[in-house]
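Have a look at the structure below before the remarks.
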Amino acid sequence: MNISLILELTKRDFIERYSGSILGFLWAFIWPLVTMAIYIVVFSKIMGAKLPGNHYTHGYGVYLIAGLAPWLAFSNAIARISSVFVDKKDLITKIRISLPTFPIYIILSETITFVITMLIYVIFLLATGVGLHKTIIFLPFIYLAQQILAYSLGFLVGILQVFIRDLKEVVGLVIFLWFWLNPIVYVVQILPEYVQQILIFNPSFWFIDAFHDILVFQRAPKFNYLIALVVVGHLILGLSYYLFKRLEKDLRDFL
């Protein structure tokens, strides 16, 4: 792995998002700050949305952001990695780089955005008296597990997309539909019992539920979900690497 190249790509990817703007890097703080303010004000104050079993004034806004932040890091990573070989083919054909490690810069770039968002979120929790549960120490490990899954899915689809370009649109549609299969804008308890039983087989539900448990409900996450997340992520990682080794020569030729 060319670590220096990966770090340089990460730096470029993050900076290019705000290149040409007057405030530059400050937008990385402004966007999550404004987004959180809108969700909290609109849902908690204007719409008066309440979280069942929680009488905290901003409870629903806190719940919404706790699920949305990891989902965006996860879904953005999948979408971007799945098209990275096609989008960056000019770079890939010019420099010698391991294709399996190439998409890591996307994970790192999305992680920077996620960390900034979570820092602002945690400051808000502390400032409003919500506080933090001791199980917050598990969040980095949960995030790592979810991004391994995101990388694995993105890499798997990215290999196939070199040969089937329409997959880019399919991925966008799947991610859009997948969002609504997660308890981000709703709570699990409002769903019919049979839907709740199906929902537990959704891999993204495992980490979103963990974020809610730790940040919103101030309790330990369900470790059986986290074990499943790690196992599934590594199984798909192994499958994607196996597919890559089988198609590596054709992959580079098609690029």
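Checking the Cα-Cα distances for K88/K134; K11/K94; K11/K222; K222/K245 against a 31 Å cut-off, the pairs over it are K88/K134; K11/K222; K222/K245. Roughly how far apart, in whole Å, are the Cα centres of region 198-255 and region 108-157? Centre-to-centre (Cα) distance: 15 Å. Highest-first packing order for the peptide set 206-218, 101-113 is 206-218, 101-113, based on the mean count of other beta carbon atoms within 10 Å. Once the Cα atoms of helix 139-163 and of the chain are each reduced to a long axis, what angle between those two axes, in degrees from 0 to 90 to the nearest 10, is obtained? Around 40 degrees separate the two axes. For helix 223-254, what angle does its Cα long axis make with the longest principal axis of the chain, in degrees from 0 to 90 and rounded to 10? Around 20 degrees separate the two axes. When the Cα positions of L215, I38, Y143 are compared along the charge dipole of the chain, Y143 comes out farthest toward the positive end, with charges on each C-beta of Lys, Arg, Asp and Glu.
May I ask you to derive the FRET efficiency for Q189 and I3 from their Cβ-Cβ distance with R0 = 51 Å, giving the value to the nearest 0.05? Using R0 = 51 Å, I get an efficiency of 0.65. Taking trypsin sites (Lys or Arg not before Pro) as exposed when DSSP calls them loop and at most 12 other C-beta atoms lie within 10 angstrom, the chain has its longest site-free stretch at 1-95.
What angle do you read, to the nearest 10 degrees and between 0 and 90, between the alpha-carbon axis of helix 3-16 and the longest principal axis of the chain? Between helix and principal axis, roughly 60 degrees. In a simple Cβ point-charge model (Lys, Arg +1; Asp, Glu -1; nothing else charged), the chain has a dipole of about 280 debye relative to its Cα centre. From least to most packed, judged by other beta carbons within 10 angstrom and beginning with the fewest, Y121, Y143 follow the order Y121, Y143.
Annotation: amide H-H contacts under 5 Å for I184 (H modelled 1.01 Å from N, sequence separation of 5 or more, or interchain): none. Projected label points at F254 and D13, each 7 Å from Cα along the beta carbon direction, are separated by 2.1 nanometres.
Read-outs: derived from the displayed coordinates by stated rules, not from any lab. As the structure is a computational prediction, the values presented were derived from the model and not from experiment. Don't worry about glycine lacking a Cβ; one is built from the backbone with ideal geometry, like all the others, and counts go over all protein chains shown.
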